[in-house]
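Report on one structure; see the data block that follows.
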Amino acid sequence: MSACRKNPSLGRQLAAAVLTLVVTASGAAALVSCSTESGDSGTSSPFSPRPTPPDTASFTGTAASALASLEASARARASARASSASAAASSFEARVSDEASQAAKDAEARLKNLQGGGNARSDVALTGRPTADTGGLQVVVVTITNRTDAQASYAVQVDFKDSSGKVVESRIVGAKDLAPGEQAQPLAISRKPADTTLTPTVAKAQRY
């Protein structure tokens, strides 16, 4: 009878040792296999070189020409809009009465050499009209009220300012022979395109 049979615990220890050797040998084989695969020079990943930059010497000047063409086109469109607005204003003004037109001419003569803002700015108020009612034009109702106790005529200059506060257009209107407390409401019509943002202000107002 062998020593293992005589001593069962010794047999179990030998079996465990054999199993450990088998597991260790299998692990070593796996490590060798992994090392061999990763170190195989025949399976290296492909190399992608950096792209070559374009040769700028072959570029032409067509881009600058295109920009110039776009700029010219934008100017042409702006000019067309301005012309259209001016024509619409003329048409709108043509429907104004002859009396209002004559008052405007007289007012222009009165304000021609006027220094300062005039003596009647507090008698004038401005109100915008919806562009839906004016064919897209920017129209301001100039309300003139004779706050004196005698008959008087008025000359008013309305300045239209852009978003920077610069005066880009001026219009002159007038009212003739208003009785005390009477009002007149002539129209100041801008000839600028409707998409131009403008703010109207009373620049001059003279009572005479």
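So how far apart, in nm, are the two label points at L126 and V167 if each is 7 Å from Cα heading toward Cβ? Inter-label distance under the simple model: 1.1 nm. Close amide H contacts of A203 (hydrogens built in the peptide plane, cut-off under 5 Å, sequence separation of 5 or more or a different chain): Q157, V158, D159.
Accessible-area rank, largest first, for R75, R121: R75, R121, with all protein chains present and a 1.4 angstrom probe.
Taking Cβ atoms as reference points and 9 Å as the exclusive limit, the residues near L198 contribute a net charge of 0, counting Lys and Arg as +1 and Asp and Glu as -1.
The values are calculated or read from the model by the stated rules, or taken from the named source; none is laboratory data. What you are looking at is a predicted structure, and each value in this text was computed from that prediction instead of being measured. Using ideal geometry, Cβ is built from the backbone for each residue, glycine included, and neighbour counts are taken over all protein chains shown. Ligands, DNA and RNA are excluded from the accessible area calculation, which covers all protein heavy atoms including side chains. Shrake-Rupley method; radii C 1.70, N 1.55, O 1.52, S 1.80 Å.
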